[in-house]
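Student: Shown below is the structure under consideration.
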Amino acid sequence: YTPLAELDPEVKNIIDKETWRQFTGLELIASENLTSLAAMEANGSILTNKYSEGLPNARYYGGNEYIDELEILCRKRALEAFNLDPAKWGVNVQPYSGSTANFAALTALIQPQDRLMGLGLPDGGHLTHGYYTAKKKMTASSIYFQSFPYALNPGTDLIDYPGLAAQAKIFKPKLIICGASAYPRDWDYATLKKTAEKEGAWLMADIAHTSGLVAAQTLNNPFEYCDVVTTTTHKTLRGPRAGLIFFRKDIKDADLEKRVNDAVFPACQGGPHNNTIAAVATALLQAAQPSFRDYAKQVIANARALADTLVGHGYKLQTNGTDNHLVLWDLRPIGLTGSKVEKVCDLMGITINKNAVSGDASAQVPGGIRLGTSALTSRNMLESDVKVVGDFLHRAVQLALLLQKEAGSKMLKDFVRVATVQEDGKQGFAKV
Ligand code: PLP
């Protein structure tokens with residue numbers, strides 16, 4: 001018996017099924033993780049009942065004495081987790097997610113129609129870094145600002161820093177965004193800072209994917225060079241779904257503190273989700289422990305072991321390996337699309353996602369898949385376990401190849417039948 005089971009067995013049943021899927025499957029989505037029971041307890045708490053528009057000690061509602069205490073604690077822990085001096089850095093812990101954190105940061109730093117540069121989506125950047133297509137301005141970051149994407153060097157698949165500097169000289173952005181959703185290597189923040197300084201642009205790092213690894217000091221430190229750093233809290237940081245915006249407090253006459261706080265509320269958001277802020281505080285407490293450093297190191301060791309296993313089977317990876325938690329697997333040399341492999345893996349209980357790889361002709365038909373080791377490592381997997389997972393993936397890809405070769409055969413039809421049952425009878429493997 002639970003209150004939910006009694007009141008709403010339909011929703012309870014869906015949660016139970018998803019719980020079973022998460023328990024029995026292998027989670028390799030690079031942007032996901034398994035947050036702690038403690039953080040989930042905070043997230044499911046009575047704090048969800050409270051309105052607290054404004055900031056600690058300056059609210060638009062009464063009854064916020066404990067919420068103030070909570071938000072101040074969460075901010076303190078955020079600065080501690082990233083080893084930041086409170087005299088030099090501040091943080092807003094209210095963003096509902098990474099996307100809203102990013103839009104609030106843009107709102108704080110630049111004016112509507114000002115220019116910004118971010119890594120292009122097909123090269124691993126995120127939608128909120130100015131993405132648009134030839135047909136459409138897709139996201140608020142390209143609708144309300146003028147954006148120009150920088151790219152990878154097609155020879156190395158690493159960020160083309162000289163190309164970015166040359167483009168910035170012409171485009172004259174007011175803001176350069178670094179950080180990505182699908183880039184397996186670390187960032188050269190020092191070089192980016194030089195370019196930003198030269199062009200008089202702000203430098204913002206979106207470390208949504210890697211923030212847990214940054215907090216654990218296993219990757220380069222963006223805080224040494226950037227003016228603003230945003231992150232989600234639910235990827236490598238292993239918290240609940242939310243966002244954070246860190247801002248420098250020591251830039252003369254900039255008042256980033258007021259600009260960021262005003263941009264979050266009232267410009268972009270309403271009342272903070274206090275239950276989530278509590279869960280973020282708990283996750284940040286965990287991230288500041290020495291054991292989290294071991295976790296982060298293991299995430300990277302596991303990603304390397306996965307990469308080595310796949311390379312050992314003869315596959316091509318973007319940049320041939322990884323520095324962080326993710327691996328980008330280029331399926332084009334073996335003639336498969338990411339969608340097909342994603343579907344076969346779904347049927348095997350291995351959750352991955354299709355992803356563009358550098359040089360893809362169309363972002364709509366991505367030629368690769370993205371894998372991440374954060375969630376597997378949260379389940380205490382080590383390199384030897386991850387090697388077995390790599391072997392499973394090899395078998396999945398071989399199966400996908402066989403099915404593709406047998407297109408039209410009975411075997412494929414049977415497979416499609418199984419796939420369509422799982423997909424409400426609407427879509428089958430052949431149409432992917
Ligand atoms: N920034 C980056 C680099 C991301 O990868 C993501 C999500 O995957 C986001 C921002 C957006 O986060 P959210 O989905 O919480 O809005």
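A short reminder: the numbers here are calculations on the coordinates, not readings from a lab. The shown structure was predicted, so the numbers you read here are calculated from the model rather than taken from an experiment. Ideal geometry is used to build each Cβ from the backbone, glycine not excepted, and the neighbour counts take in all protein chains shown.
Student: Can you give the % of DSSP beta bridges in the stretch 153-309 that are antiparallel, to the nearest 5?
Tutor: 40 percent
Student: Test of understanding: in a Gaussian network model of the chain with alpha carbons linked when under 10 Å, which of PRO173, PRO112, PRO149 would top the mean-square fluctuation ranking?
Tutor: Most flexible of the set in this elastic network: PRO112.
Student: Under 8 Å for C-alpha pairs, at least 6 residues apart: give me the relative contact order for the chain, rounded to a whole percent.
Tutor: This gives 20 percent for the chain.
Student: Taking H placed 1.01 Å from N in the peptide plane, check which residues at least 5 places from ILE350 or on another chain put their amide H under 5 Å from its amide H.
Tutor: Residues meeting the criterion, in which the H sits 1.01 Å from N, are LEU26.
Student: Pick from ILE300, ILE334, ILE369 the residue whose mean-square fluctuation is largest in a GNM of the chain, springs joining Cα atoms under 10 Å.
Tutor: ILE334
Student: On a C-alpha basis, how far is the centre of the stretch 188-215 from the centre of the stretch 313-329 in Å? Whole number, if you could?
Tutor: A separation of 23 Å, based on Cα centres.
Student: Quick one: 3J(HN,Hα) in Hz for the stretch 174-189, Karplus 6.51/-1.76/1.60 with θ = phi - 60°, rounded, Gly and Pro as x.
Tutor: The phi angles translate into 8, 8, 10, 9, 10, x, 7, 9, 8, 9, x, 10, 7, 9, 9, 5 Hz.
Student: Enumerate the calculated ³J(HN,Hα) couplings along the stretch 255-261 in order (Karplus 6.51 cos²θ - 1.76 cosθ + 1.60, θ = phi - 60°), each rounded to whole Hz, writing x wherever the residue is Gly or Pro.
Tutor: Taking θ as phi minus 60°, the curve returns 6, 4, 4, 5, 5, 5, 4 Hz for the stretch 255-261.
Student: Using a simple charge model, +1 on the beta-carbon of Lys and Arg, -1 on the beta-carbon of Asp and Glu, nothing else, what dipole does the chain show about its Cα centre, in debye to the nearest 20?
Tutor: 1060 debye
Student: Moving to a separate point now. Neighbour counts of other C-beta atoms within 10 Å: give me VAL11, VAL280 arranged from fewest to most.
Tutor: Going from least to most buried by this count: VAL11, VAL280.
Student: As a test, work out the antiparallel percent of DSSP beta bridges whose residues both lie in the chain, rounded to the nearest 5.
Tutor: 60 percent
Student: If the chain between ARG21 and SER362 were fully stretched, how many nm would it gain, using 0.36 nm times the residue separation less the Cα-Cα distance?
Tutor: Going from the current span to full extension adds 119.6 nm.
Student: Name the residues whose placed amide hydrogens come within less than 5 Å of the amide hydrogen of GLY368, ignoring near sequence neighbours (fewer than 5 apart) on the same chain.
Tutor: LEU331, GLY338, ASN355, VAL357
Student: If you don't mind, another one. Of the candidates GLY270, GLY390, GLY155, which one comes out as most mobile in a Gaussian network treatment of the chain with C-alpha springs shorter than 10 Å?
Tutor: Result for the chain, Cα springs under 10 Å: GLY155 fluctuates most.
Student: A further question follows. With θ set to phi - 60° and the Karplus curve 6.51 cos²θ - 1.76 cosθ + 1.60, what are the ³J(HN,Hα) couplings of the stretch 38-51 in order, to the nearest whole Hz, using x for Gly and Pro?
Tutor: Going residue by residue, I get 4, 5, 5, 5, 4, 5, x, 8, 5, 4, 5, 7, 9, 8 Hz, with x marking Gly and Pro.
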